[in-house]
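The values are calculated or read from the model by the stated rules, or taken from the named source; none is laboratory data. Keep in mind that this is a model prediction, so the values were computed, not measured. Counting neighbours? That spans all protein chains shown, and the Cβs are built from the backbone with ideal geometry, glycine included. For accessibility, only protein heavy atoms count, side chains too; no ligands or nucleic acids. Shrake-Rupley method; radii C 1.70, N 1.55, O 1.52, S 1.80 Å.
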Amino acid sequence: MNEGGNMQLCPHCGARMPVNSHYCGRCGQPLYGASPHELTARAGTGGEGGGPVLDPTRLAGPEVPAGAGAAYQATVPAGEAGPYEETRYGTEESTPVTESGGAFTPAPPPPPLVPEYGPLYPVYPVPEVRKRPFFRPPSRPLLVIGAVVGIAVLVLGGVLVASSLLGSQHQPRLKVSSSYHVGTLPAGATGTSLRLNGEGFAPNSQVTLYLDGGALTGNQVRTDSNGRLQANLSVTDAWKPGQHTLTAADASNNRVEQGVTVVIVPQGQAHTPGPNGAPPDDASFKVAFTVSNGSQTQSGTLTITGHPDPVGGTVCASYANGMRDDGQPHTLSGETSDGFRYQETLTANCRGTYRTGKISYEEIYSQDKVTLETLTGTVTCTAAPHTVKMEGSFVDATHVKGTFSSPLFSYSCDNGESSQVQATTGTWEGQLSS
């Protein structure tokens, strides 16, 4: 079989390719579109093509000069020439020979065809990647800029510090201290005073104090030459119990921004003195008293036991004759005005309070039995339960004055007789003993 009739030449590099190849196996260029090798597409043994003849109108690209085309057409062997038998597809072939056996040098291949249209996708240049050095010393202009910025920062910082110092001189501050406290807050009551310390006010200036935003009249406070103040602020009964905010401002309207919280309590609470200087509500003390009921007098001692606010103190009593309101029976002996001897057994309990300088006391008798020796024999009489009351207030820091009252009650005797004890009232006075 003559294989040369099934080969064609690449119009670009001259390599031999099978007739059904579309691209050159050596240069990779398309095999269609070049006119010089149109006639070499197929060559049959009898001079007639064994396949379809290529249509020159389908070829693309510029026309190749006729001279160059003749040179390439001469390389196609005629008939059953043998040089193609040892040629491999897509590789460089051996030197072609002419019919007379001499060597043949083919013309140089034409330049590659350039398509009339651009590539399908645009091609952008790849940017060159440069590595930045780990540290680059600043140039002289940057050093100058940095120095300028540093100076500006220092100047600004100095201005801010100076402004802060100047501002602090005109930002008054107020502190309040007291001998009394509710928790950690300073406290006071009517009759006590709060200690004020302030600074940052205008020198030698009148200062107005404000309680919950309202000016406190009658409190003359003035700063010294350094803008400081020290004063005692008296608490009056116009200050209602509860928490309050205390502020101040000088004549130049330099005002305390952060007020101080104080607590006002009723007199006697928070260990403050009661009215007239009476002991605090939580204090424990004793009062020696004397009750006067007409021509009769009776002496005893009131014992006040203090408790934390707001309970106040509790009150109990004991008497000079040995009677105590401790819930235990106590027997007393005596003689009536008629000369009859008697024994009286009493059992009483105490109930009482002490708050804001006032004593309120109750003596509750649950047992009152009298055994009387008479001419006709012994008579036992029992009284109905009754309560004796005492109330009083401190008139100064050590003295108490008050009233006494005993209700109407009756005795029932075992001889069938009964008697009544009339209600009585009286007064009593006491002296703080401890």
Along its principal axes, what span do the Cα atoms of the range 249-380 show, with the longest given first and each in whole Å? 96, 28, 15
Working with all protein chains in place, sort F340, F394 by solvent-accessible area computed with a 1.4 Å probe, largest first. F340, F394
Round to a whole angstrom and tell me the spacing of the C-alpha centers of the range 299-375 and the range 266-283. 27 Å
Let me cross-check K240: its accessible surface, 1.4 Å probe, with only protein heavy atoms counted, in Å² to the nearest 10? 130 Å²
Please report the accessible area of D414 (heavy atoms, 1.4 Å probe, ligands and nucleic acids excluded) in Å², nearest 10. 100 Å²
Simple spin-label model, 7 Å along Cα-to-Cβ: E429 to T261 in nm? 4.8 nm
Can you pull the percent of the range 374-428's accessible area that's carbon plus sulfur, 1.4 Å probe, other chains left in place? 53 percent
Violations at 29 Å Cα threshold for listed pairs K240/K358; K369/K401; K175/K286; K175/K240 -> K369/K401; K175/K286
Take the Cα of S410, step 7 Å along the line toward its Cβ, and report every residue of the range 330-345 whose backbone nitrogen sits under 20 Å from that point. none
Against the 2.2 N^0.38 Å rule of thumb, the C-alpha Rg of the range 169-277 sits at a ratio of 1.06
Could you give the nm distance between label points at T305 and E417, where each point is 7 Å from its Cα heading toward the beta carbon? 4.2 nm
How many Å² of accessible area per residue for the range 261-371, probe 1.4 Å? 47 Å²
If every alpha-carbon in the range 336-434 counts as one equal scatterer, what log10 I(q)/I(0) does Debye give at q = 0.11, 0.16, 0.18 1/Å? -0.46, -0.79, -0.90
If the label point sits 7 Å along Cα→Cβ of R324, residues of the range 341-357 with amide N under 18 Å come out as 345-352
What FRET efficiency, computed as 1/(1 + (r/R0)^6) with R0 = 35 Å and r the Cβ-Cβ distance, is obtained for H399 and T245, rounded to the nearest 0.05? 0.35
Given the range 359-398, what whole percent of its Cα pairs are spread farther than 17 Å? 57 percent
